[in-house]
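The next block holds one structure in the form of structure tokens; read it before the comments.
Throughout, read-outs are computed from the coordinates displayed, never taken from laboratory work. Bear in mind the structure is a predicted one, so any value in this text is a computation, not a measurement. With ideal geometry, Cβ positions are generated from the backbone for all residues, glycine too; neighbour counts draw on all protein chains shown.
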Amino acid sequence: MVDRIASRSNETSLSRRGFLASAAAFGGGLVLSLNLPFGQSEAAAPGEFGPNAFIRIGSDGQVVLTMPYVEMGQGTYTSIPMLIAEELEVNLKQVRLEHAPPNEKLYANPLLGVQATGNSNAMRGGWKPLREAGATARIMLVAAAAKRWSVDPKSCRAQDGEVIHDASGRRLKYGELAADAAQMAVPERVTLKRPEDFKLIGTPAKRLDVSGKVNGTARYGIDARPPGVKVATLAQSPAFGGRVMSLDDTAATAVKGVRQIVRLDDAVAVVADHMGAAKKGLAALKIEWDDGPHAGLSSETVARELEQATLGSGAVAQNIGDADKAIAEAAIRVEAAYHLPFLAHATMEPMNCTVHFRDGECEIWIGTQAIARVQTMAAEAAGLPPAKVIVHNHLLGGGFGRRLEADCAVRAVQIARHVEGPVKVVWTREEDIQHDMYRPYWFDRISAGLDGQGRPVAWKNRFAGPSVIARWLPPGFKDGLDPDSTEGAIDLVYDLPNFHVQFTRVEPPGIPTGFWRSVGPSHNVFVTESFVDELAATAKQDAVAYRRALLGKSPRAKAVLDLAAEKSGWGQALPKGRGRGVALQFAFGSYMAQVAEVEVSKDGNVRVHRVVCAMDCGTVVNPDTVQAQLQSGVIFGTTAALYGEITLKNGRVEQANFDTYQMLRMNEAPAIDVHIVKSAEPPGGMGETGTSLIVPAIANAIFAATGRRLRKMPVDSNVLKQPA
Amino acid sequence: MAFTISINGSPHSIDVDGDTPLLWVLRDVLGMTGTKFGCGAALCGACTVHIDGVATRSCITSIDSIEKSAVTTVEAIGTTASGARIQKAWLDHEVVQCGYCQSGQIMSASALLASNSNPTDADIDDAMSGNICRCGTYVRIREAIKLAAQTNTKGG
């Protein structure tokens, strides 16, 4: 999605001269500024240099990287410094990371374009520019040393944060050279290390951000406590689009510790000394709501509208050959319809935002994946120019796409405008789940034609759902299509001679939708990998062998499929009630195959026992992070497959807390084996791949165990229950 | 009304309604933000503290119920033998991702280890299934508890 839009143009325009500049650091030292591919930052005029990342080498030798990618558990704060340290020849511990502020004085350049961390793009975007920046700084430091010693730079080398002149035995630390280095010319070109020379990249590295996370000292947005802060919680219209009709706050204002009630058009907030008083006050409010125009909305109405939309013509996402003709002439025709539900993000840290609205200025404390978006939208809500909005970013207690949105910052500003002094607005879990920006509901109508041997000769998929990109990044939506909605539905790894995919954008009324971990593929991979499994079953062929025969053009896909099959014991007998399911994808720049082993009980309950992942994600920067992210993605997707469903009734969300919106827990967690295929290709994304693939792997395993094909998620145990 | 409770060995006086959950006293009144808010209904375990050594959800524990009991939070769990071992195992085994739920995970795990020096998988399931982790660190949490238990039995 976002970064694909960026990288398409960066590939042709990437000129080092345009992407690096140097300057003397404030207080002595070297500053390199660079532009990391990040959303649509190339929206700046051609030739205009809009840096969004800075490397500062101080006179103490400390290397500080200020960059736009944020840490939300995915290990970026460890793997990104590895890229710089590798080429700069410093110890990993010498590199420190800072959140990029949108308006810190030292970096007066306004951050251009979209500043956001999402779509597994940090490592993919930073892979080349950050290594180039490290190499550039090293060359300039070596040049500074050579000049001071009056020797040829070629006779000097860099090692462990020092420049060394072997012939004379002289050495200088980077800190001693940083100020001089700033006066050296930025080299025209740099040569990057060959993979076999990597010292850090590919070696497991301890995470740099964890010690504060085991003793309670790590600070998340919700932990912000500016002096004098009050705490507020809120009730928003239960029905999307509704309004406050009447409010009786007599009992609420009588609660000890409650300071103020803020009434907005569509929400009421209780401001108090602490959250305990705010929640008690909220419970004591008597609010009557006008449910508004979507009062009758239900999941069924949304689904019906999508089903209807796929019968009409949509925007053609990809067409090869003549699918209609080939299906009509095929020996066997297969048709199916798939549904995917709305999902909430349920980050462990509930939504929150602290705002101090004062004379002509607004200060914000938040944990966000998209700090510039927060600044822009908060400024609009505050009626201030963006430069008057100061945003302090924090660690994120989970992102998963939810913190790419700025709706909570906007809401907090609306409340803070009525409050004297800083106020921390904290969503209860119920508000967090009932006022999310949901993973969309999607509907797919899909068909295929098989030849006499069961091999697919044609594939046709018509699907409908919203375009998150059209709202979030409008230029990304063109001619009825966007790259996120179709990722995983087109450019399949399989050989399909006649292929037609079309998308119809349908925005559900009232309910807001957003990015959710594994975005487009969270929908498309479930559909395509379930349907390929259906084709294999129709052809009465083994699910792995069937896929394998279609991978002539995809050797990397074949390699991960073979590896997953081998490591999972594919084909070996299982006890009754158990089954193995396979799924295969290319998404986020990485190839992966998974085999899930499930057990279905007589009452239809599903237990996922083991998941084997085989992955080719190109060059592995930090193997430990790859393993952790896959375990994480698999658990996240397993939760969605087994439990994930937000339903609408009477215009409102029916789920509210972890009792009605269930999460996978320790006692249900499968064993997860990760196997990595060695590769010298550029790194692929990691944070989301496990999530999209596990859902069809589980559904296919359930089919293997029971013969029941689940075309609607989540798993419905009533469908799987055996008759008594 | 005013209450005096013992937190991490020190007395604290607080003037709040008696039904105020301990979680908000810790976080908002005393500024001890290591204990996290996740659900407010004892469904996720993010707010877990020890009360007289027992893992307890502070989001549903009213301040007037504590009386003379000793409250221990994640800020001080490293001063207990089992807490220090759990924290070390968490770091050695790279358990943490976003980290938000980990205060609660560590409090549940250290209470388990303090009462059971060699927990089985079933013991770990029993003690830890009340703690949700959205990043899915369960596999490593299980391994880290076993790692900490090993150093326990070795007298480490």
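Side notes on the structure shown:
- Length released on extending from A:Glu307 to A:Gln159, taking residue separation times 0.36 nm less the Cα-Cα span: 47.0 nm
- As a rough guide to protection, the peptides A:76-86, A:713-723 ranked by mean Cβ packing within 10 Å, highest first, stand as A:76-86, A:713-723.
- Whole-number D in µm² s⁻¹ for segment B:77-153, Kirkwood Cα-pair radius fed into Stokes-Einstein, 10 °C, 1.306 mPa s: 133
- Percentage relative contact order, segment B:2-72, counting C-alpha pairs under 8 Å, at least six apart: 38
- The gain in end-to-end length when the A:Ala337 to A:Asp659 segment is fully stretched comes to 112.9 nm, 0.36 nm per residue minus the alpha carbon separation.
- Contact order for chain A, expressed relative to its length and based on alpha carbon pairs under 8 Å spaced 6+ residues apart, stands at 14 percent.
- With the biggest extent put first, the Cα atoms of segment B:1-105 measure 45, 27, 21 Å across the principal axes.
- For B:Met1, the shell of other residues with beta-carbons less than 15 Å away shows a net charge of -4, using +1 for Lys and Arg and -1 for Asp and Glu.
- Per-residue shielding of B:139-150, expressed as the average number of other chain Cβ atoms within 10 Å of the residue Cβ, stands at 2.
- For segment A:276-426, the antiparallel share of DSSP beta bridges with both residues in that region comes to about 65%.
- Cα centroid of segment A:211-288 to Cα centroid of segment A:535-558, whole Å: 55
- Entries in A:Lys128/A:Lys154; A:Lys128/A:Lys478; A:Lys147/A:Lys193; A:Lys193/B:Lys146 that, when Cα-Cα distance is taken, lie over 32 Å: A:Lys193/B:Lys146
- In the protein assembly as shown, the convex hull through the Cα atoms has an average projected area of 38.7 nm², a quarter of its surface area.
- Cα-based reach from A:Lys256 at 19 Å (exclusive), listing lysines while leaving out same-chain residues under 8 positions away: A:Lys230, A:Lys279, A:Lys280, A:Lys286, A:Lys424
- Dividing the helix sum by the residues of the protein assembly as shown, where each DSSP H run of 4 or more adds -39500 (n - 2.57), gives a mean residue ellipticity at 222 nm of -9000 deg cm²/dmol.
- When you count the other C-beta atoms within 10 angstrom of each residue and take the mean per peptide, A:439-445, A:416-422 line up highest first as A:439-445, A:416-422.
- Relative protection proxy for B:9-16, B:59-66, from highest mean packing down: B:59-66, B:9-16 (other beta-carbon atoms within 10 angstrom).
- Taking Cα atoms only, the orientation of helix B:138-153 departs from the longest principal axis of chain B by about 80 degrees.
- Cross-link reach list, lysines versus A:Lys540, counting only Cα pairs under 30 Å and skipping chain neighbours closer than eight places: A:Lys325, A:Lys460, A:Lys553, A:Lys558, A:Lys567, A:Lys576, A:Lys602, A:Lys712, A:Lys721
- When you restrict to C-alpha pairs under 8 Å that are six or more residues apart and normalise by the size of chain B, the relative contact order lands at 23 percent.
- Inter-chain Cβ neighbour average for residues B:40-50, partner chain, 10 Å: 4
- Applying 1/(1 + (r/R0)^6) with r as the Cβ-Cβ distance of A:Asn319 and A:Glu380 and R0 = 56 angstrom yields a FRET efficiency of 0.85.
- Residues of segment A:692-724 falling in the label zone of A:Lys576, defined by backbone nitrogen less than 14 Å from a point 7 Å along Cα to beta-carbon, are A:706, A:722-723.
- Shielding by other protein chains, A:266-275, mean Cβ within 10 Å: 3
- A:Asp542/B:Ala84 FRET efficiency (R0 45 Å; Cβ-Cβ; nearest 0.05): 0.30
- For chain B, the longest principal axis of the C-alpha atoms and the axis of helix B:81-92 are separated by about 60°.
- Net charge of the neighbourhood of A:Phe515, taken over other residues with C-beta under 11 Å away and scored Lys/Arg +1, Asp/Glu -1, is +2.
- Each of A:Val190, B:Val54, A:Val425 has some number of other Cβ atoms within 10 Å of its Cβ, and from fewest to most they run B:Val54, A:Val190, A:Val425.
- Calculated FRET efficiency, A:Lys193 to A:Glu566, Cβ-Cβ distance, R0 = 35 Å: about 0.60 to the nearest 0.05.
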